[in-house]
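To start, the structure itself, in structure tokens.
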């Protein structure tokens, strides 16, 4: 039992490491997790202002502004104003930003491929066991987090 728990934490730590590792995503400089997810949100929600982007990503407007500056400096987005609105600055992807989004999608496909290889070898009962395990662990972790937030 202890070995299984240790294996679970090792795997969880690898997932965290993968998320915290900057990747190239098709360009020759590192892109961080928050940067690529903001890029994808800008692409998906074209015309959204900083507040809308912040709400969608669960970040503060200040954090969005900081990441936006990094994306501008890297040439991944460009800033623009809408006619009649001198107050707000909006962002859109550059061709380089589009390439990063495509590279990020390929990265996700590669990561999912690792899971598909394993899942495709399972029979229906084994698949359900893995699903139940992940569901129970996820719910248990969520409960611990919720309890800590409510008492701390």
field: Residues satisfying the stated conditions in the range 130-152, i.e. over 21 Å from residue 1 (Cα atoms) and assigned to a helix (DSSP H, G or I)
entry: 142, 143, 145, 146, 147, 148, 149, 150, 151
- prompt: Of the numbered conditions (1) surrounded by 14 or more Cβ atoms within 10 Å (Cβ to Cβ); (2) touching a strand residue (DSSP E or B) at 6+ places or on another chain (Cβ under 8 Å); (3) modelled with pLDDT of 95 or more, residue 89 satisfies every one except a single condition; which is it?
  reply: (3)
- line: Scanning the range 107-129 for residues that are without any contact (Cβ under 8 Å) to a residue 24 or more places away in the chain and either outside any helix (DSSP H, G or I) or touching a strand residue (DSSP E or B) at 6+ places or on another chain (Cβ under 9 Å) (or both), the one surrounded by the most Cβ atoms within 10 Å (Cβ to Cβ) turns out to be 122
- request: Test residue 132 against the criterion of being at pLDDT 95 or above, loosely packed, with under 11 Cβ neighbours inside 10 Å and under 30 Å from residue 25 (Cα atoms), and give yes or no.
  value: no
The range 72-88 - residue that is free of Cβ contacts under 8 Å to residues at least 24 places away in the same chain and in a loop (DSSP other than H, G, I, E, B) and, of those, farthest from the chain's Cα centre (by Cα): 84
task: Grab the helices (runs of 4 or more DSSP H) fully contained in the range 1-71, keeping just those with 3 or more residues being at negative phi and loosely packed, with under 12 Cβ neighbours inside 10 Å.
output: 2-20
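The values are calculated or read from the model by the stated rules, or taken from the named source; none is laboratory data. Keep in mind the model is a prediction, meaning the values are calculated, not measured. Note that we place each Cβ from the backbone using ideal geometry, even for glycine, and neighbour counts take in every protein chain shown.
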